Amino acid sequence: MTGSAWPQLPVEGWVDTRDTFTLWLQVVGKIRIARTPLLNHWWNAPLYLTGRGLTTSLMPDRPGRSFTIDLDLVAHRLDIVTTTGEAGSMALEPRSVRDFHAALMGRLDELDLATEIWPVPVEIPGAIPFVDDEVHHAYDAEAVTRFWRGMVETGRVLDVFRARFVGKSSPVHLFWGALDLATTRFSGRGAPPHPGGVPNCGPHVMHEAYSHEVSSAGYWPGGEEEGLFYSYAYPEPDGFRTCSPGPSAARFDEELGEFVLPYAAVRAADDPDAVLLDFLQSTYEAAATTARWDRAAVER
């Protein structure tokens, strides 16, 4: 297998669009949170990959009526579709976060789907409320499509990795706080309260997210070159960071507190899937071994 399916994702080339797009997705994701019951570890918050982009999946309105918000990242359109046949849409094009928020809330009002959200971004230092943000307004359609195509390839490999585990694991989903596509494995044991410190995320948010011991991995479109695959354990076991992360291009990043593998190293490999799976498996084994998981009970 060659890396031709894996698009180039130079961070520097789309950082303004990335930051705007992240904030748009935060608006969409907060609608999903407002409309759905809390699911363990905030699994009612993320978005999911589709054949055209991203979706909230079905959200309830009232008995007999539910709806989805879908982002078509090929035609660059946001669609709201109800199970009773109504629909609304808006173009994905250069516009401020303030305008995007107003337009989306307006479409929901027109469909009798008015939804109140907390209009402040999360996980962003010095965040500007959505209703005031005229700073972020970039939208490079080609770059967004490339990002989605990269996530399709990443998600495909994460699904293979997830299938090796029979214990509790999360879906492969896109967390819109930092725009990372991830899957998480659980040992089955509880974890100490998370120390917090994430911007605009109260202690209750992190306590719910990390209520149990985890090994988590995914892709984040930040950092160096074309973004990073990452893998971490919470709580971090003694000896974890000194374990081998698999591929020669992988390392432990002291600043992030995670193992990382450059996306560019995977994309350029003769067999990208094999390199990424090596990283995912090696770093999971580092977590499970040093934390003494009951591996025989949770691994296929």
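What follows draws every value from the coordinates through simple rules; no lab data is involved. Note that the structure is predicted; figures quoted are calculated from it, not measured. As a convention, Cβ positions derive from the backbone with ideal geometry for all residues, glycine included, and neighbour counts pool all protein chains shown.
Among Phe165, Phe147, Phe175, which one moves the most in a GNM of the chain with springs linking Cα atoms closer than 10 Å? Ranking Phe165, Phe147, Phe175 by mean-square fluctuation puts Phe165 first.
Residue by residue, the stretch 179-188 carries 3J(HN,Hα) couplings of 6, 10, 8, 8, 9, 10, 9, 10, 6, x Hz when phi is fed to the Karplus relation 6.51 cos²θ - 1.76 cosθ + 1.60 (θ = phi - 60°); x denotes Gly or Pro. How high is the FRET efficiency between Ala296 and Trp43 when r is their beta carbon distance and R₀ equals 22 Å, given to the nearest 0.05? The formula returns an efficiency of 0.25 here.
Here the dipole of the stretch 216-283 is about 100 debye; that uses its Cα centre as origin and unit charges on the Cβ of Lys and Arg (positive) and Asp and Glu (negative). Each of Ile117, Pro195, Pro171 was scored by the projection of its Cα onto the charge dipole of the chain, and the greatest displacement toward the positive side belongs to Pro171; charges sit on the C-beta of Lys, Arg, Asp and Glu.
Between Pro195, Pro63, Pro37, the GNM of the chain built on Cα springs shorter than 10 angstrom shows Pro63 fluctuating the most.
Farthest towards the positive end of the charge dipole of the stretch 120-279, among the residues His136, Gly239, Leu261, is the Cα of Gly239, using unit charges on the Cβ of Lys, Arg, Asp and Glu.
Among residues other than Leu47 with Cβ under 11 Å from its Cβ, the summed charge is 0 (Lys and Arg +1, Asp and Glu -1). Could you give the distance between the Cα centres of the stretch 88-146 and the stretch 156-235, to the whole Å? Here the two parts' Cα centres lie 25 Å apart. Structure remark: mean-square fluctuation, Gaussian network model of the chain, C-alpha springs under 10 Å; the largest value among Gly197, Gly257, Gly167 belongs to Gly197.
Length, then width, then depth: along the principal axes, the Cα atoms of the stretch 15-159 run 41, 38, 31 Å.
Could you work out how far helix 141-162 tilts from the main Cα principal axis of the chain, as a 0 to 90 degree angle to the nearest 10? Result, in degrees: 40. What does the charge add up to near Ile124, with Lys and Arg as +1, Asp and Glu as -1, over the other residues with Cβ less than 14 Å from its Cβ? Summing Lys and Arg as +1 and Asp and Glu as -1 gives -3.
Mean separation of Cα pairs under 8 Å and 6 or more residues apart, divided by the residue count, gives the chain a relative contact order of 19 percent.
Each of Val144, Val266, Val205 was scored by other Cβ atoms within 10 Å of its Cβ. Arranged with the fewest first, they read Val205, Val144, Val266. The chymotrypsin sites (Phe, Trp or Tyr not before Pro) of the stretch 43-117 meeting both criteria, a DSSP state outside H, G, I, E and B (loop) and at most 16 other C-beta atoms within 10 angstrom of the site's C-beta, are Trp43. Relative to the longest principal axis of the Cα atoms of the chain, the long axis of helix 11-35 lies at roughly 70 degrees. For the chain, the dipole from Cβ point charges (+1 on Lys and Arg, -1 on Asp and Glu) about the Cα centre works out to 1040 debye, to the nearest 20.
Residues Tyr230, Tyr263, Tyr210, ranked from the fewest to the most other C-beta atoms within 10 Å, line up as Tyr210, Tyr230, Tyr263.
Its Cα gyration tensor gives the stretch 125-276 an equivalent ellipsoid, and the semi-axes of that ellipsoid, as √(5λ) in whole Å with the largest first, are 25, 23, 15.
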